[in-house]
Amino acid sequence: METIPLFPLNLVLFPGGRLPLKIFEPRYIDLVSECLRTDTGFGVCFIKKGNDVGGSVQCCDVGSYASIVDWCQLDDGLLGITVEAGRRFRVEQFSQRPNKLLLGDIQWLEEGKYSEMSGNYQTLQLLLTRILEHYEIFYEDQAQGLEDVTWLGYRLAELLPLAPQIKQAFLEMDDGLQRLAELQQILNESNIAEFTD
């Protein structure tokens with residue numbers, strides 16, 4: 001069991017994804033300072049109940065470990081950071097520091113081994129390629145990732161306009177093929193073109 005600090009957010013962060021954050025609460029300024037000083041990260045968990053700004057929240061048990069890859073002082077004087085998500089984890093027990101920073105005793109979750117794409121999901125590969133081109137988004141591991149069921153599923157779940165609760169369900173899935181199958185079902189029930197307009 002390992003204890004890590006947690007950063008509750010109203011969004012879901014998937015492994016391999018990057019996210020800019022604006023830091024203004026003292027507890028999170030302290031957290032970022034600690035992470036930069038010790039070269040560590042923190043867990044990002046989706047808020048299922050409550051408001052984290054100055055208040056208490058209930059978080060989902062499964063989240064992603066985030067490492068700070070860039071930081072700067074913003075024009076408004078606040079601290080801006082960019083994080084990149086790594087491994088998933090499950091929180092076995094929540095606790096709090098005196099400054100109300102949330103902590104989690106966690107177990108790391110294993111990802112499925114690299115699995116090449118079958119012909120069944122070429123439509124999803126094409127859809128993601130179009131989304132990335134349309135919005136001029138680039139991932140360093142993009143070429144290889146399009147052939148990896150886990151990477152492809154994470155990127156589609158991240159970029160498609162899905163409800164956060166649905167995104168969280170996709171984050172919690174251990175089976176990459178199941179994730180793709182359910183994404184395909186959602187797209188079959190929708191107009192795929194609307195996701196690239």
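The values are calculated or read from the model by the stated rules, or taken from the named source; none is laboratory data. As the structure is a prediction and not an experimental result, all values here were calculated from the model. Backbone-built Cβ (ideal geometry, glycine too); neighbour counts: all protein chains shown.
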For this session: Taking Q144 as the residue in question, decide whether it is over 15 Å from A85 (Cβ atoms), outside the structural domain of V12 (by TED's automatic domain parsing) and modelled with pLDDT under 95.
Result: yes
Problem set entry | Check on I81, touching a helix residue (DSSP H, G or I) at 6+ places or on another chain (Cβ under 8 Å), buried (at least 16 other Cβ atoms within 10 Å of the Cβ), closer than 19 Å to A157 by Cβ and at pLDDT 90 or above | no
Exercise. Can you spot a residue in the range 25-41 that is farther than 14 Å from L103 by Cβ and in contact with a helix residue (DSSP H, G or I) (Cβ under 8 Å, 6 or more places away or on another chain)?
Worked result: no
Seminar exercise, completed: From the option list L13, L31, L9, single residue qualifying as under 15 Å from the mean Cα position of the chain (by Cα), buried (at least 18 other Cβ atoms within 10 Å of the Cβ), over 19 Å from Y139 (Cβ atoms) and outside the structural domain of E158 (by TED's automatic domain parsing) is L9
